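The values are calculated or read from the model by the stated rules, or taken from the named source; none is laboratory data. As the structure is a computational prediction, the values presented were derived from the model and not from experiment. Neighbour counts are summed over all protein chains in view; Cβ atoms, including those assigned to glycine, are modelled from backbone coordinates with ideal geometry.
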Amino acid sequence: MSPKEKTKETPKPGATAPEGKAPAPAAGGGPKPSMSSGGSGRGGAGAKVGCQADTCKSPDTRASFCEEHFRQYKFGLITKNGKQVSDYERKLEHYQNWLKSQVELKRA
Ligand SMILES: [Zn+2]
């Protein structure tokens, strides 16, 4: 009498489960410039010619802003329509500190 072999599916040994590593959340620090490409939609009714920022009479050189206001726009100080954001004054402080650091970099 020979023992009957059981045909039974056995789980494979050594099956390694992949270590589930949760992606680390990106540490959001400074202000994020909202880059929205485009700016080709010019010519609306009563569209301002030149820099879009209020009270600015400079000609537009970049995305409907002058150099200065384009930087402010990238910094999130003003909207693409040239309007100051609600926390403009608070952001302006950051912006001016940043500007200062840029100047110091150039001089160094
Ligand atoms: Zn301007």
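A few comments on the model shown:
- Across the range 86-97, not a single residue is classified as loosely packed, with under 10 Cβ neighbours inside 10 Å and modelled with pLDDT under 90.
- Cβ-Cβ under 6 Å pairs, at least 6 apart or on other chains, the range 44-55 side within 15 Å of THR79 (Cα to Cα) and surrounded by 14 or more Cβ atoms within 10 Å (Cβ to Cβ), far side among the acidic types (Asp, Glu) and at pLDDT 85 or above: CYS51/ASP60
- Considering only residues in the range 74-90 that are closer than 16 Å to CYS51 by Cα and free of Cβ contacts under 8 Å to residues at least 24 places away in the same chain, the one that is nearest to the ligand (Cβ to nearest atom) turns out to be LEU77.
- Qualifying residue in the range 48-67 (condition: within 16 Å of the ligand (Cβ to nearest atom), part of a helix (DSSP H, G or I) and modelled with pLDDT of 70 or more): yes
- Residue in the range 70-81 that is part of a loop (DSSP other than H, G, I, E, B), modelled with pLDDT of 70 or more and in contact with a strand residue (DSSP E or B) (Cβ under 9 Å, 6 or more places away or on another chain) present: yes
- The single condition from (1) within 16 Å of the ligand (Cβ to nearest atom); (2) at pLDDT 90 or above; (3) within 19 Å of the chain's Cα centre (by Cα) that GLY39 fails is (2).
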